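Written out below as structure tokens is the structure these notes cover.
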Amino acid sequence: MVTIRRRTHRSAALLAALCLCSLATLTACGDGGDGGDASDAETTASTSETVPATGTPDEGTPTPTESESDSTEPDEETTEAEDDTIDTTDTTDTGDEGTESDESSSSSDVPHGTWTGNARISVDFEDPGCAASSQTYSLPATLIIDDPAGSESNDFHLSWASDSQSAAGAFGVTSALSGTDTTDGESVETGYWSLTDDGGGDISGSLTDTGGSQGLALNLVFVPKPLFPCSGYTPFAYSMAEGTTLEGTLTEDSASLTLSGTTSDGTRSFRVEWS
């Protein structure tokens, strides 16, 4: 029993020592916990300060704002560039005005208007196997001088024709054609004559395109053609040949013109005089 008590006493002493040790350890652990809280607090504080510092680059709105402020200045420069464009447009308008002035200064001095009178038409021809023949006609005619027709390259437009277009000796002269094809609505522009003037009323010209290849031959002379060998002559429309010439003098009150040439087939020569 004594042995047992000693063991019990020792065990009690050991337990007591363990308890003391446990109390010390608990106290130390408790102190360590407070220290851990302080450390955490400091870490939290440190972290709180670090987060804004770290977040500043992420929330870098001010930096793009400065860029946006910079981009505003190019907008102002763009506005100035637009103003410069307007100035350029004004300059272009000034150039157009100068072009109009040049066109006005290049207009012809030929009097414009309408003249009427009698034209004398003479025709010489000799058909194969037939004797040479000459015919002379006198027909009322009208001359019109006007501005160029459409894209006509001459400084003025000339139209001269007998009032009748079916009688023997009838003729028609036009310097250019400008119109619309009624079949397809396309514009038709043909220049027949090259005309010049000396600025004093004298004019001259040459037929450079008969228009025959386009089926637009409008410079015609109506002269006799036999229906039978050497007989049955009747007026027939012949196209004037290239190289037919025109010359004359125009004033406000009078006109004198001479037209001479051959037909496109070379069988007739003609001359039209008006004074």
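For this structure, a couple of remarks:
- A straight line joining the Cα centroids of segment 115-156 and segment 200-262 runs 4 Å.
- Convex hull of Cα atoms in segment 135-176, direction-averaged projection (nm²): 3.4
- Our estimate of slack between residue 228 and residue 208, defined as 0.36 nm per intervening residue step minus the Cα-Cα distance, is 3.9 nm.
- Gyration tensor (alpha-carbon) shape descriptor, segment 187-275, a/c threshold 1.5: oblate
- Difference of contour (0.36 nm per residue) and Cα-Cα distance, residue 138 to residue 254: 39.9 nm
- Based on Cα contacts under 8 Å between residues 6+ apart, segment 151-212 shows a relative contact order of 26 percent.
- Accessible area in the full protein assembly, largest first, 1.4 Å probe, for 194, 162: 194, 162
- Pairs of C-alpha atoms in segment 140-213 farther apart than 20 Å represent 40 percent of all such pairs.
The values are calculated or read from the model by the stated rules, or taken from the named source; none is laboratory data. Remember, it's a predicted structure, so these values are computed and weren't measured experimentally. Accessible surface is based on the protein model in full, side chains and every heavy atom, while ligands, DNA and RNA are left aside. Shrake-Rupley method; radii C 1.70, N 1.55, O 1.52, S 1.80 Å.
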